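J.: The structure is given below, and queries will be raised subsequently.
The values are calculated or read from the model by the stated rules, or taken from the named source; none is laboratory data. Everything numeric here is computed off the predicted structure, so don't read it as measured data. Neighbour counts are summed over all protein chains in view; Cβ atoms, including those assigned to glycine, are modelled from backbone coordinates with ideal geometry. In case anyone asks, the SASA skips ligands and DNA or RNA and just uses the protein heavy atoms, side chains included. Shrake-Rupley method; radii C 1.70, N 1.55, O 1.52, S 1.80 Å.
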Amino acid sequence: MAFAKRKTKKKSTNDFEEEEEDDADDQRQKKKTKTTKKDDDDDDDDEKTKKTRTKRTKVALLKNILICGTPGTGKSTLAKLVLEKVNNNNNKRICYEYVNVGDVCKAKEFYHLFDERLNSFVIDEDKILDHLEPLVRRGGMILDYHSSEFFPERFFSHVIVLTCGRENTKILYERLEKRDGYTKEKIRQNVECEIFGECVEEAKEAYTGDGVVHVRSNETEEEMEETVKFIAEELLGAKLR
Ligand SMILES: Nc1ncnc2c1ncn2[C@@H]1O[C@H](COP(=O)(O)OP(=O)(O)OP(=O)(O)O)[C@@H](O)[C@H]1O
């Protein structure tokens, strides 16, 4: 696994709050400008703008979460189940979106090179962060990536780290063994990363706010169901049917 180091772009939770304040100010300013301009504007256009603004404000209230952890711990499986749960409602404004960061980097070629030793791509962090910024600002994003540290802290209200057998690595080993392109060396590196709890340590160091990092074991179907419920209900406040 390639764990790229990036400290400079990280911002504190306070920065996020300040930015939210700025956004609110912007909204108020826009509203004011709109009021002055209103007489000149066409009524239909004004109505349209008002509707869009209301919708955006509502969507922005949805939280962003990151699901991270060693490859094979079940991030994408879990993320898709959470997405299904939280979007299963009649409220069009409550609509979360899933982004597999690794897949986006591949599809959009946001990487520098292929690291033969690690057998993986070294992603271009600036490019992927620029791509994610507007999505995260809008809110309601469920991001999936093995690493957590290069994202700015303000991106997420919760970071979930999945683990899969620190003591008994058989489960993770067997999951990775089934994958194409996973050489014995690559499996060994990932299993080692799990044994040393690298993803957990990394997340705890990078996200320092109380109750932001949640470490969840994902070895069995039952554990996965519990975590889906935990994220959907407790973290995202969804009322499950
Ligand atoms: N709780 C679970 N119980 C049993 N099998 C699981 C569980 N969670 C995931 N799996 C299985 O483990 C495999 C790996 O899961 P998944 O692809 O979601 O991992 P991942 O962490 O997203 O991997 P990557 O980081 O490489 O994308 C899949 O075959 C999936 O069906």
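J.: Looking at E167, E116, E174, E109, which is the one that is open to solvent by 70 Å² or more (accessible area, probe 1.4 Å), within 16 Å of the ligand (Cβ to nearest atom) and either among the polar types (S, T, N, Q) or over 20 Å from V212 (Cα atoms) (or both)? Show your work before the answer.
T.: Values: E167 fails: within 16 Å of the ligand (Cβ to nearest atom); E116 fails: within 16 Å of the ligand (Cβ to nearest atom); E109 fails: within 16 Å of the ligand (Cβ to nearest atom).
Result of the check over E167, E116, E174, E109: E174.
J.: Might you check whether a residue that is open to solvent by less than 30 Å² (accessible area, probe 1.4 Å), under 21 Å from L236 (Cα atoms), modelled with pLDDT under 95 and of a type outside the set (G, A, S) occurs anywhere in the stretch 62-80? Show your work before the answer.
T.: First pass over the stretch 62-80, keeping only residues open to solvent by less than 30 Å² (accessible area, probe 1.4 Å): 62, 64-75, 78-79.
Imposing the further condition that a residue be under 21 Å from L236 (Cα atoms) reduces the set to 62, 64-69, 74-75, 78-79.
Now narrow it down to the ones that are modelled with pLDDT under 95: 62.
When the remaining residues are screened for being of a type outside the set (G, A, S), the result is 62.
Yes.
J.: So, one more: How many of the residues making up the stretch 134-147 are away from the ligand (no atom under 16 Å from the Cβ) and closer than 23 Å to V161 by Cβ?
T.: Within the stretch 134-147, residues that are away from the ligand (no atom under 16 Å from the Cβ) and closer than 23 Å to V161 by Cβ number 5.
J.: Could you say which residue among K229, K204, K239, K186 is within 11 Å of the ligand (Cβ to nearest atom) and either over 16 Å from the mean Cα position of the chain (by Cα) or surrounded by fewer than 18 Cβ atoms within 10 Å (Cβ to Cβ) (or both)? I'd like the intermediate steps shown before the answer.
T.: Values: K229 fails: within 11 Å of the ligand (Cβ to nearest atom); K204 fails: within 11 Å of the ligand (Cβ to nearest atom); K239 fails: within 11 Å of the ligand (Cβ to nearest atom).
The unique qualifying residue is K186.
J.: Could we say that I128 is in contact (Cβ under 8 Å) with a residue 60 or more places away in the chain, touching a Phe, Trp or Tyr at 6+ places or on another chain (Cβ under 6 Å) and within 16 Å of the ligand (Cβ to nearest atom) here? Break it down into steps so the answer makes sense when it comes.
T.: Details: in contact (Cβ under 8 Å) with a residue 60 or more places away in the chain: no; touching a Phe, Trp or Tyr at 6+ places or on another chain (Cβ under 6 Å): yes; within 16 Å of the ligand (Cβ to nearest atom): yes.
No.
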